[in-house]
Every structure is written in structure tokens, then in C-alpha cells.
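**Q** Supplied in C-alpha cells, the structure appears directly below.
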Amino acid sequence: MRFMPRRNLLLPTLCIALLIAVWTFRAPTPSIDRWLDTSAIRGTPGTTSSPSPPSSLNNLPTHNHGDVDLSSPNAPFVGWPLQRVCKEATWVEGLVYICDNNSGGIGNIRNYIQTCIRYGLEAGATGFVMPRIRKRNETDLADLFTDYLPLDYMFDEKHFKDAFTTSCPQITLYDSIKDIPGVGSKPNIEHITPKKFGNREGCDWRDQNRHTDRFGDRFRRWLSDPKNGKSPPSRDHPRLIRFNWGVLWDWQTYRDGPEFVNTFGNILKLNDQLLRLGEVTLQKMRAYATANGVEDGKFLGVHLRTESDALSFWPTYTTQTEAYLKQATKRGFEAAYIATGDSLEAQNFAGAAIEMAQMRVVSKMDLLEDEDLEELESLSWDQQGLIDLIVLLGSDYFVGTMPSSFSIYIAMKRHLKTEGIYTRPYKVGTEGDGLSYLVGNYEKYWEGWLYMWDGMWP
Ligand SMILES: *[C@@H]1O[C@H](CO)[C@@H](O)[C@H](O)[C@H]1NC(C)=O
Ligand SMILES: *[C@@H]1O[C@H](CO)[C@@H](O)[C@H](O)[C@H]1NC(C)=O
């Protein structure tokens with residue numbers, strides 16, 4: 001376009017100046033006590049709290065968004081962004097999503113469940129079968145596919161159900177497949193891969209589904225297309241959908257906007273037993289640091305990921321240790337909590353930390369005693385990892401490793417401390433937010449698995 005002569009700008013400039021004047025001197029909105037009304041939000045875990053929902057949504061009184069610390073494992077569920085997604089959905093009677101093949105550590109399990117549910121919402125599923133978790137084999141940690149356990153194994157089932165009952169009343173949650181009306185004695189489950197609905201010519205196979213906002217329409221068209229040999233779902237003749245295995249990091253979360261991205265993850269809150277034991281361990285860690293003369297009980301949280309199931313191209317023990325001790329020295333930490341499923345490596349790290357950084361290192365096994373220790377030992381390997389998760393979320397600085405979804409999840413969740421629901425995405429591979437650093441190779445988006453950051457809900 002041609003550059004406009006100066007005099008043509010006079011009128012628009014005047015208009016803008018007038019608008020600014022009107023905006024600046026407009027009457028104050030009567031919202032001052034709404035910003036001060038914070039009492040209801042503190043200390044009410046498990047309830048649907050609502051930092052500043054849009055007035056179009058029928059919800060509880062509004063609150064200052066600064067008062068919910070969404071980085072806390074016990075944060076209340078903020079429901080209005082989910083409510084808005086459900087309000088805008090195109091519902092399909094008789095369409096049921098089954099999100100049950102969820103395996104691996106917490107980072108992967110959360111993402112399997114949430115990716116599947118997010119797609120289900122977009123598809124307009126009016127039914128979901130309660131997600132289940134595949135137990136890991138305790139003697140062969142790389143074997144992720146033993147028994148199916150209920151969601152309670154890790155998460156708070158009631159909290160999960162409440163989130164949907166409150167925010168998406170259009171949805172029915174079924175405890176098992178046989179509870180679905182009209183399902184018959186031999187349920188016919190259809191398997192799909194959502195990316196196949198993405199018209200992905202030219203994309204790398206690992207590339208996320210760039211067409212998630214087209215998924216709903218395309219999926220529903222497929223669902224009702226007689227060429228596929230099935231009638232559209234109805235109440236009496238439901239259609240059951242399950243994903244082929246391996247659908248994770250598939251949905252570019254930022255497309256849903258920060259308020260949804262930063263709250264949706266909290267449909268999966270850890271169960272009460274894990275929260276309690278994790279909180280006890282965190283308190284003991286602070287007490288340990290204080291007893292060793294550390295001001296405010298400050299400590300470094302360390303995720304050392306070198307267990308037998310770690311993949312060969314991940315940063316080695318030496319790479320991780322060097323990077324972590326460098327951060328410890330740079331930031332002046334004298335105490336650290338180590339999370340690792342490998343007690344021998346924990347000892348090695350503790351030795352190196354004393355020698356090279358004059359930093360004392362302990363683990364949950366060192367901190368817990370009596371009944372708490374017995375309770376810890378009664379938990380599975382993955383459940384014990386969730387105790388670590390809680391302590392690391394509460395640490396003063398966190399160091400972990402790429403491309404562990406456990407480390408990535410912790411860094412992303414800690415990042416919510418900065419502005420809660422309005423937090424901008426974490427700057428991957430930087431020390432930008434002053435809360436976490438993950439060692440690793442950040443050169444290649446695919447080979448370095450950087451795409452995981454784009455497909456995770458903190
Ligand atoms: C776990 O792995 C071990 C060793 O490979 C095997 O003997 C055992 O049967 C597995 N257990 C289950 C429940 O799959
Ligand atoms: C669950 O995932 C495993 C892992 O690959 C796969 O072999 C299995 O077929 C999946 N089961 C179902 C029911 O989709």
C-alpha cells in the first residue's frame with residue numbers, strides 16, 4: 001500500500017486522541033471489592049474457584065486471579081475455561097470416548113488422558129468412560145503395560161468427576177463400558193488416530209495435529225457418513241471411540257488460550273494420600289535445611305533421571321550432575337532434595353554435591369520415618385515418584401533433564417507461579433522464569449523432543 005500523505009492522518013489522529021481521553025476519564029467500574037474478596041478462595045481445595053470468569057458464564061463470585069497459586073499440587077480447580085469450552089461444543093448424543101490405555105510415568109499418563117479428553121470435547125462426546133491407568137511392572141520398569149487400575153491409583157477421582165459435573169453438565173461419566181446405555185453384551189469399540197483427520201500432507205509424522213479446531217467437524221462428518229458402514233450414534237445405539245495407542249503431545253495446547261491451558265491440567269489432581277505424604281516430606285525437607293543452618297529452609301529440587309528405563313540418548317549421569325551442581329553453586333544452595341528411582345545414583349550424586357558444591361543432599365527415604373516411611377514403602381514405584389513430584393514443585397529452584405516428561409511437567413507447573421491463569425508459555429531451554437532449569441539438547445525440535453512442551457497441559 002502507498003504511504004498516506006500527512007494531512008490524511010489528522011482526522012484519525014483526532015479521533016484516537018478523543019477515544020483515549022474518554023477511556024482515561026471514564027467513570028471507574030464498581031469492581032473494587034471484587035478484587036478484595038479473596039477470602040473465599042484461600043484454603044478451599046477441591047472447589048470450583050473462579051478467578052475473573054467472563055460475565056457471560058453463570059458462575060460463582062469473581063476473584064482476583066493473583067490469589068490462586070496454580071503451581072500448588074493442591075490448587076483449587078478453576079472451572080470457567082472448561083465451562084466455556086463445553087458451552088461452545090457441538091454435542092452428539094450416543095457418542096462415548098474411552099480414554100483408558102494410559103501408561104508410563106505421571107507426565108505421560110496425564111498427557112494421554114488429557115489429550116484424549118480434549119479431543120473428546122471437540123468431537124462433542126456426551127459420554128466418557130472413567131480413565132484408567134496401566135500399572136508398570138515393578139521388576140521390569142520398561143514394561144508399562146500390566147494391570148488396568150482405577151484413576152484413584154494416582155488421582156482424586158471425586159475431584160475429576162466434580163470438575164465435569166460442575167463445568168460440563170452435558171457429559172455423563174461412566175464407571176465402566178458396560179454401564180453405557182444400549183451398549184449390549186459385546187461392545188463394539190472403534191479405534192481411531194485423531195491426526196488422520198488432520199489432512200497432514202507435508203508434515204513430519206511427529207508433528208502435532210495442526211488442525212485440532214477442524215477436528216470436530218471432520219470427525220462428526222466421518223461419524224455420520226453412511227460409506228463407513230455404520231449409522232450415526234443415538235441414545236439407544238451408542239458409538240464407542242478409543243484411540244490407537246500412542247496419542248500424546250498431539251494437541252497444540254496454546255491454541256486454547258492461556259486460561260484454558262493453565263487450568264485444564266488440574267482436572268487431574270493427586271489423590272489425598274499422595275498429597276498428604278508429599279506435604280509431610282516437603283515440610284521435613286524444609287526442616288532439614290533449616291536444621292543445617294539454611295535460611296528459610298531453602299533447598300534445590302533435583303530430578304536425576306538415570307534409571308534402568310531411561311533411553312540411551314538422554315543426558316547421562318555425568319551431564320546431569322555437572323549441570324545441576326553448576327546451578328547449585330551459582331545460586332548458592334546448601335541443601336538439596338533428590339528425586340530418583342535409583343538409590344545408588346542418589347548416593348553418588350550426594351557425594352559429588354558435598355565435594356564440589358558443599359551441598360547436602362537427601363531423599364524421601366532419608367526424611368520420612370516410622371509410619372510415614374512404612375506408608376511410602378507400601379506405594380508402587382510410580383506412586384513414590386509422585387511424592388518426589390510434590391516436593392520438587394515446592395522447591396526453591398528446580399533442576400531436571402530433557403526430555404523427561406516428569407521434568408517438563410514440573411517446570412511448566414512451577415511456571416504457573418508467575419501469573420497463574422494468565423501465565424504466558426514457558427520459554428523452553430532458558431532460565432527465563434528464575435524457577436527451573438532443564439539440562440538437555442535444545443537444538444532440534446523433533447530429535448530433542450522439544451515438541452513435548454507444546455503439547456502439555458501444566
Ligand atoms: C514383570 O516382569 C517380570 C520380569 O520380566 C516377569 O517375570 C513378570 O511376569 C512380570 N509381571 C507382570 C505382572 O507382567
Ligand atoms: C494399549 O497400548 C498397548 C501399547 O502399545 C497396545 O499394545 C495395546 O494394543 C493397547 N490396547 C488397547 C486396548 O488399545
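**Q** Shape call for the chain from the C-alpha gyration tensor, a ≥ b ≥ c root eigenvalues: rounded (a/c under 1.5), prolate (a/b greater than b/c) or oblate?
**A** oblate
**Q** Restricting to Cα pairs below 8 Å that are 6+ residues apart, what does the relative contact order work out to for the chain? Please round to a whole percent.
**A** Contact order relative to length: 17 percent.
**Q** Sticking with this structure for a sec: Mind listing which trypsin sites (Lys or Arg not before Pro) in the stretch 188-221 are in a DSSP loop and have 15 or fewer other Cβ atoms within 10 Å?
**A** In loop regions of the stretch 188-221 (DSSP not H, G, I, E or B), the sparsely surrounded trypsin sites (Lys or Arg not before Pro) are 200, 206, 210.
**Q** Turning to a different aspect of this structure: Taking +1 at the Cβ of each Lys and Arg and -1 at the Cβ of each Asp and Glu, which of 125, 421, 439 sits farthest along the dipole of the chain towards its positive end, judged by Cα position relative to the Cα centre?
**A** The one lying farthest along the dipole's positive direction is 125.
**Q** Related question: Picking from 85, 146, 232, whose Cα lies most toward the positive end of the charge dipole for the stretch 49-267 (charges on Cβ: Lys, Arg +1; Asp, Glu -1)?
**A** Of the listed residues, the answer is 232.
**Q** While we're on this one: Cβ under 11 Å from residue 158's Cβ, residue 158 left aside: what net charge do those residues give with Lys, Arg +1 and Asp, Glu -1? Kindly include the intermediate steps, with their values, before the conclusion.
**A** Values: positive: 161, 269; negative: 152, 156, 157, 162, 272.
Once all neighbours under 11 Å are counted, the net charge is -3.
**Q** Over the heavy atoms of residue 203, what accessible area does a 1.4 Å probe trace out, to the nearest 10 Å²?
**A** The accessible area of residue 203 comes to roughly 50 Å².
**Q** At what distance in angstrom do the alpha carbon centres of the stretch 214-278 and the stretch 173-198 lie from each other?
**A** 12 Å
**Q** Using a probe radius of 1.4 Å on heavy atoms only, what accessible surface per residue do you get for the chain? Whole Å² is fine. Walk me through the intermediate numbers first.
**A** On the way: 22130 Å² over 458 residues.
Ligands and nucleic acids excluded, the figure is 48 Å² per residue.
**Q** With both bridge residues required to lie in the chain, what share of the DSSP beta bridges run antiparallel, to the nearest 5%?
**A** Bridges in the chain are about 10 percent antiparallel.
**Q** Let me ask something additional. What is the set of long-range amide H partners of residue 437 at a cut-off below 5 Å, with H atoms built 1.01 Å from backbone N?
**A** Placed amide hydrogens put 398, 399, 400 under 5 Å from residue 437.
**Q** About the Cα centre of the stretch 49-267, what is the dipole size in debye to 20, counting +1 per Lys and Arg Cβ and -1 per Asp and Glu Cβ, all else neutral? Write out the running numbers ahead of the final one.
**A** Numbers: 27 positive and 27 negative charges, 165 e Å.
Dipole size: approximately 800 debye.
**Q** A follow-up question, please. Which one, 75, 169, 109, is farthest towards the positive end of the dipole of the stretch 49-267 when Lys and Arg carry +1 and Asp and Glu -1 on their Cβ?
**A** Of 75, 169, 109, it is 169.
**Q** On a C-alpha basis, how far is the centre of the stretch 303-359 from the centre of the stretch 142-168 in Å? Whole number, if you could?
**A** Their Cα centres are 32 Å away from one another.
**Q** Could you work out the relative contact order of the stretch 49-267? I mean the mean sequence separation of Cα pairs under 8 Å and 6+ apart, divided by the number of residues, in percent.
**A** Relative contact order here is 25 percent.
**Q** How large is the dipole of the stretch 291-437 about the Cα centre if only Lys and Arg carry +1 and Asp and Glu carry -1, each at its Cβ, rounded to the nearest 20 debye? Don't jump to the answer; show the numbers that get you there.
**A** Details: 12 positive and 23 negative charges, 215 e Å.
The dipole of the stretch 291-437 has a size of about 1040 debye.
**Q** Would you mind computing, in nm to one decimal, how far apart the modelled labels at residue 344 and residue 375 are, each placed 7 Å from Cα along Cα→Cβ?
**A** If labels sit at residue 344 and residue 375, their model points lie 3.2 nm apart.
**Q** Provide 366, 342 ordered by accessible surface of protein heavy atoms (probe 1.4 Å), highest first.
**A** Numbers: 366 105, 342 40 Å².
Reading off the accessible areas and sorting them downward yields 366, 342.
**Q** Something else: Determine the order of 329, 319 by accessible area, beginning with the largest, at a probe radius of 1.4 Å.
**A** 329, 319
**Q** Counting only GluC sites (Glu not before Pro) that are in a DSSP loop and have at most 16 other C-beta atoms within 10 Å, tell me the longest site-free stretch of the chain.
**A** Here the longest run is 202-306.
**Q** Taking the DSSP beta bridges in the stretch 49-267 as the whole, what percent of them are antiparallel, to the nearest 5?
**A** About 15 percent, rounded to the nearest 5.
**Q** Where the accessible area of the stretch 272-455 is counted over protein heavy atoms with a 1.4 Å probe, how much of it, in %, is carbon and sulfur?
**A** Working: 3920 of 7990 Å².
Within the stretch 272-455, the accessible surface is 49 percent carbon and sulfur.
**Q** Tally up the carbon and sulfur contribution to the accessible surface of the stretch 49-267 as a whole percent, 1.4 Å probe, everything protein left in place.
**A** With neighbouring chains kept in place, the figure for the stretch 49-267 is 49 percent.
**Q** Please give the charge dipole size of the chain, origin at the Cα centre, charges +1 on K and R Cβ atoms and -1 on D and E Cβ atoms. Round to the nearest 20 debye.
**A** 2620 debye
**Q** So if R0 is 45 Å, what FRET efficiency would residue 196 and residue 276 give, r being the distance between their Cβ atoms, rounded to the nearest 0.05? All intermediate terms of the calculation are to be shown ahead of the outcome.
**A** On the way: r = 43 Å, r/R0 = 0.96.
Efficiency at R0 = 45 Å is approximately 0.55.
**Q** How do 442, 409 stack up against each other in accessible area, from largest to smallest, with a 1.4 angstrom probe? Numbers along the way, then the final one.
**A** Working: 442 50, 409 15 Å².
Correct descending sequence by accessible area is 442, 409.
**Q** What is the local net charge at residue 84, summed over the other residues whose Cβ is closer than 12 Å to its Cβ (Lys, Arg +1; Asp, Glu -1)?
**A** -2
**Q** Ok, one more. Quick one: net charge of residue 199's neighbours, Cβ under 14 Å, K/R +1, D/E -1?
**A** Charge balance in the 14 Å sphere: +3.
The values are calculated or read from the model by the stated rules, or taken from the named source; none is laboratory data. In this text the structure is predicted, and so the values were computed from the model without any measurement. Cβ sites come from the backbone with ideal geometry, for glycine too, and all protein chains shown count toward neighbours. What goes into the accessible areas is simple: the full protein's heavy atoms, side chains included, and nothing from ligands, DNA or RNA. Shrake-Rupley method; radii C 1.70, N 1.55, O 1.52, S 1.80 Å.
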